[in-house]
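What follows is one structure encoded as C-alpha cells, with my remarks underneath.
The values are calculated or read from the model by the stated rules, or taken from the named source; none is laboratory data. The structure presented is a predicted model; accordingly, all values stated were derived computationally and were not measured. Don't worry about glycine lacking a Cβ; one is built from the backbone with ideal geometry, like all the others, and counts go over all protein chains shown. Ligands, DNA and RNA are excluded from the accessible area calculation, which covers all protein heavy atoms including side chains. Shrake-Rupley method; radii C 1.70, N 1.55, O 1.52, S 1.80 Å.
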Amino acid sequence: MYNRQLLQGLLSDRFKLKLRTETKDMPTYALVIGKSGPRLKPAQRVAGNPQITWRPGLITGQGASLDDLAKGLQEAVRHPVENLTALNGAYDFRLEWAPDQGMTATDPPDPAGQLNDAADSGPTLFSALQQQLGLRLDRRNTKAPYEAIESVELPAEN
C-alpha cells in the first residue's frame, strides 16, 4: 500500500499538482442490524490478529469485528460503509452472494432485499447480508470531504 503523503509529494513535485479539500453530499451506507436480529457466530479464537478476506461475491472473517466487515463491504459497494450496529466483539462469518448481477455502485438496495435476485445465480449482496448475517445496509447521503484538483502541469523532460 502506498504512503499517501509520499505519493502526494511526488505528484506535487513532478506535476505541480495542487489539490483543495471540499465537501459534498456523497452516497454512503450504514451497516445496521436487520429486522430479524443478527445471525453472527462468536469467534472461535479471539487471540491474534483478525483475518478478513474479500473477493467478488465473498467476504470471510475469522475473529473479525463488524468494523472489519464494514471495510470489506465498502469494497463491494464502492461507497463508504459505517458500522452502526453497536455490536462489539469478534465474529467468524462467511458472506456469499452472486456478484455482477447488473448492480452498480449507484444502484440503491431494494428495501425487500430482492434487487436483481435470480433463482439460479444466487442472492445479491443486500439480500445475502440480511439472510446470512441478519444485517442490512441502509443507504444515506453524508457530507464527506474529497480532494479536488486545482491545477496540474506536464512534467519537464529529465
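Residues in region 26-52 that are open to solvent by 80 Å² or more (accessible area, probe 1.4 Å) and modelled with pLDDT of 90 or more: how many? Count: 4.
When you scan region 58-102, how many residues do you find that are in a loop (DSSP other than H, G, I, E, B) and within 28 Å of residue 143 (Cβ to Cβ)? Write out each step before concluding.
Looking only at region 58-102, we keep the residues that are in a loop (DSSP other than H, G, I, E, B), and these are 65, 78-80, 84-90, 97-102.
Next cut, within 28 Å of residue 143 (Cβ to Cβ) only: 65, 78-80, 84-88.
The number of residues fulfilling the criteria is 9.
For region 119-158, a residue qualifies if it is open to solvent by 20 Å² or more (accessible area, probe 1.4 Å) and touching a Leu at 6+ places or on another chain (Cβ under 7 Å), and the qualifying residues are 132, 136, 147, 149, 150, 152.
Among the residues of region 44-52, is there at least one that is under 23 Å from residue 123 (Cβ atoms) and assigned to a loop (DSSP other than H, G, I, E, B)? No, that holds for no residue. Scan region 94-106 and tell me whether some residue there is modelled with pLDDT under 90 and either in contact with a Leu (Cβ under 6 Å, 6 or more places away or on another chain) or hydrophobic (A, V, I, L, M, F, W, C) (or both). Yes, some residue in region 94-106 is modelled with pLDDT under 90 and either in contact with a Leu (Cβ under 6 Å, 6 or more places away or on another chain) or hydrophobic (A, V, I, L, M, F, W, C) (or both).
Within region 20-27, can one find any residue that is closer than 25 Å to residue 145 by Cβ, over 23 Å from the mean Cα position of the chain (by Cα) and in contact (Cβ under 8 Å) with a residue 12 or more places away in the chain? Working first, answer last.
To start, the set of residues in region 20-27 that are closer than 25 Å to residue 145 by Cβ comprises 20-27.
Retained after the next criterion (residues that are over 23 Å from the mean Cα position of the chain (by Cα)): 20.
Going one step further and asking which of them are in contact (Cβ under 8 Å) with a residue 12 or more places away in the chain, we end up with 20.
Within region 20-27 (the criterion being closer than 25 Å to residue 145 by Cβ, over 23 Å from the mean Cα position of the chain (by Cα) and in contact (Cβ under 8 Å) with a residue 12 or more places away in the chain), the answer is yes, since at least one residue qualifies.
Here is a check on your reading of the model: is residue 56 open to solvent by 30 Å² or more (accessible area, probe 1.4 Å), in contact with a Gly (Cβ under 6 Å, 6 or more places away or on another chain) and at pLDDT below 90?
Details: open to solvent by 30 Å² or more (accessible area, probe 1.4 Å): yes; in contact with a Gly (Cβ under 6 Å, 6 or more places away or on another chain): no; at pLDDT below 90: yes.
In short, no.
Out of all the residues in region 127-150, is one or more of a type in the set (Lys, Arg) and modelled with pLDDT under 90? Checking region 127-150: at least one residue is of a type in the set (Lys, Arg) and modelled with pLDDT under 90.
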